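Novice: Got a structure for you, questions after.
FYI, it's all coordinate maths here, none of it is from the lab. In this text, all values refer to a predicted model and were calculated from it rather than measured experimentally. Neighbour counts run over all protein chains shown; Cβ positions are idealised from the backbone, glycine included.
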Amino acid sequence: MNQSLLIELGTEDLPARYVQPLTQALAQGIGGGLAKRGVAIGETRTFATPRRIAVLIADVGERQADQNLERKGPQIAAAFKDGQPTPAALGFAKSCGVEFKALKQENGNLVFRKKQKGRKTLELIVEIFEETLKQMDQLVPKRMRWGAGEETFVRPVQWILALYGSRIVPLERFGLKAGRKTYGHRFHAPKAISLKSLGDYEPALREAKVWADFASRRAEIKRQIEAEAAKLSGDPRIDESLLDEVTALVEWPVAISGRIEERFLQLPPEVVVATVETNQRYFTLFDATGKLLPYFITVANIESKDVTQVIAGNERVVRPRLSDALFFWEQDCKLSFSGHGAKLATVKLATVIYQKELGTIADKAARIETLAPRIELLSRGELPSALEDVSRAAQICKNDLVTKMVYEFPELQGVMGGHYARHWGEPDAVAQAVAEHYRPTQAGGPIPSTRAGQIVALADKLDSLAGIFAIGQKPTASKDPYALRRAALGALRICVEGPLDLDLREVLKAALEAQPAGKRDDGVLNDLWDFAVERLRGYCIERGATGEQFEAVRAMGASRPLDFVRRLEALQAFQSTPAAATLAAADKRARNILRQSGGQAASSVQTRLFEVPSEHALLAELERVESALAPLRAKAEYGAMLQALSALKEPVDAFFDGVMVMAENVEVRGNRLALLARLDALCREVADLSCLPG
């Protein structure tokens, strides 16, 4: 009869970052181990709190299915010599635990078959549990040893609960024997709970002030935070990763609020958020206009009889941290932002190395200052110029790296630069560009919102790419210490989504020429460009393009990412039309014929050499399409250009149906090849259509 299986490891408080991964590893190890051994299993649930990880699997079979064992041995030719079994054959029989005569001969090999009765689930779980613990150990690089034992785990294990139906699974580990006891909240209900049935597990823990299900506990914490924020007329800033971390830190969540002293509100809000959220795991509140409110919300792990003491304790903890931040702000503001720039370039601080072969941060800042205006001049056209703002933002974008605030909160680099720039009277456009020039900071993150910010961000990222490639330290399949993949993708996104219509290869060449060391030849530039193109491939495929469509545009040699994506989008739309497959097939055929002809095509098409009407019809349509494409080409209206090519479908079909291109007459043959050459050229106006399926 199928029964449910529950295994729980009770521990001292687990690090929050390991709670969910270890729980999933336990569930996958036990469930996967049973399934691999042919034991039927039903729905799997997990439970995770700071002091326990558990898996509950429904409908687990009583025993594994009977096993049909089969092993293939030596070939018959090697199994016998002079009619007697060879040592190899006898050894195979011995390894199978049978006499030689028990082996069968099938398809030229010795074969061993045996039907083995399935083992009981209770026996299997013991070995599965050991396998699972080894898998879990791989998730934790540093493990603890406690007491007199030699066994290790991320934290000392205090109890093991293991039940199959009402029976205890005979597990022994960490000096403990499995039983039917679990434990509730450390303070509210510290006594052992003996389970009579597995159905009592979750309700009994809830009664003992333990909210065991991670997902529902997380939802409850979010609900409590939002309810507490509503009392304070604010909107909580709920970062999903912080919510996960807090959920992993509490067993019985109780949201409470505290107050931030008004004097700390003069700090930039990002500083308060970094202090309160990152250091204390509290949640901040904002009003409807986006202004930071003088409150925080924290999630306690206990229902206190005197909640005012808990609130006072949380306020007392956060106060000195914010006092330090205020001190840093005031000290930084005593020196002008230009003064911080001079400080960045002083001999003493020049030892702040960006990369030993590429110089200091000041050297990198100087390269950005040179490259950014050049990018701005190259990108003019779609948006109004902002050369003055770009030059100033590039000049000061790294100045905040020598401030006390960024030294304490390195995650605020750039952001603090924007605040200091505003404090010292820089234009908003300059301050915003400085604040955003590290964007995008993660996959899918926003790009800079202003043109100046986009230009400076692009200069920063391209300098990093060019410099590291120049000294021969490009990323490998497993290592990317300088985050160059992220830098390349960020640069491409800025070009496409900005939009900035730049020749990226040309700008990369300029960035490469500015580097102080390493090779700067075409080989490095080609490697760098290939690296960027591969990031562009991933970006485009993620947006819905196919590999064939990408290669069709890439074949055009396009080095302007914005233009590349516009061509690709037009091609994606065109490929859904009936003409696309026909033209792709026709162009493939034309390209093959031209390649095999060995350059026999005439320099121009002569109507006097036409022999059939379909030649006249194709030339007329080619001329009409060529005429229609001229104004569209000038405006880069790629969708309309491809649509114009659709008109070639019927005359192309008729031409190939009624004409033998490789005619015996040399002049006729050359003339027909010239027609195909004009067709092929048109099929490469937007993208190489021969790359498409057709």
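Novice: What is the calculated FRET efficiency for W424 to Q266, with r their C-beta to C-beta distance and R₀ = 22 Å, to the nearest 0.05? Provide the component values of the computation, followed by the final result.
Specialist: Numbers: r = 16 Å, r/R0 = 0.72.
For W424 and Q266, the calculated efficiency is 0.90.
Novice: Listed here are the pairs K509/K588; K72/K117; K222/K398; which of them are more than 29 Å apart at the Cα? Can you show the working numbers first?
Specialist: Numbers: K509/K588 35 Å; K72/K117 21 Å; K222/K398 38 Å.
Exceeds cut-off: K509/K588; K222/K398.
Novice: How do 633-643, 555-565 rank on mean C-beta neighbours within 10 Å, highest first? Intermediate values should be presented prior to the final figure.
Specialist: Numbers: 633-643: 16.7, 555-565: 18.9.
The most tightly packed comes first, giving 555-565, 633-643.
Novice: Setting aside same-chain residues fewer than 8 positions from K115, which aspartates and glutamates have a Cα under 14 Å from its Cα?
Specialist: List returned: D66, E70.
Novice: Would you list which aspartates and glutamates come within 15 Å of K649, measuring only between C-alpha atoms, while excluding same-chain residues fewer than 8 positions from it?
Specialist: Answer for K649, where 15 Å is the Cα cut-off: D587, E615, E621, E623, E626, D657, D680, listed by chain and number.
Novice: Calculate, for E123 and K635, the FRET efficiency according to 1/(1 + (r/R0)^6) with r their C-beta to C-beta distance and R0 60 Å; round to the nearest 0.05. Please list the in-between numbers first.
Specialist: On the way: r = 76 Å, r/R0 = 1.26.
It comes out at approximately 0.20.
Novice: Another question about this same structure. Only helical DSSP H runs with n ≥ 4 go in: add -39500 (n - 2.57) per run for the chain, normalise by residue count and round the 222 nm mean residue ellipticity to 500 deg cm²/dmol.
Specialist: Values: 26 runs with 340 residues, N = 694.
Here the helix-only value at 222 nm equals -15500 deg cm²/dmol.
Novice: Hey, another quick one. Please work out how much length the chain gains when fully extended from I76 to K177, using 0.36 nm per residue of separation minus the C-alpha to C-alpha distance, in nm with one decimal.
Specialist: Details: separation 101, 0.36 × 101 = 36.36 nm, distance 5.13 nm.
Separation in residues times 0.36 nm, less the Cα-Cα distance, equals 31.2 nm.
Novice: Using Stokes-Einstein with the Kirkwood hydrodynamic radius over Cα pairs, what translational diffusion coefficient do you get for the chain at 20 °C and a viscosity of 1.002 mPa s, in µm²/s rounded to a whole number? Kindly include the intermediate steps, with their values, before the conclusion.
Specialist: Details: Rh = 32.3 Å.
Translational diffusion coefficient: 66 µm²/s.
Novice: Would you kindly calculate the mean projected area, averaged across all directions, of the convex hull enclosing the Cα atoms of segment 349-543, in square nanometres?
Specialist: Numbers: hull surface 43.0 nm².
Result: 10.8 nm².
Novice: Among all the lysines, which ones have a C-alpha under 23 Å from K120's C-alpha, if same-chain residues fewer than 8 places away are not counted?
Specialist: K36, K134, K177, K196
Novice: For the pair I238 and D480, what calculated FRET efficiency results from E = 1/(1 + (r/R0)^6), where r is the Cβ-Cβ distance and R0 = 30 Å, to the nearest 0.05?
Specialist: Rounded to the nearest 0.05, the efficiency is 0.45.
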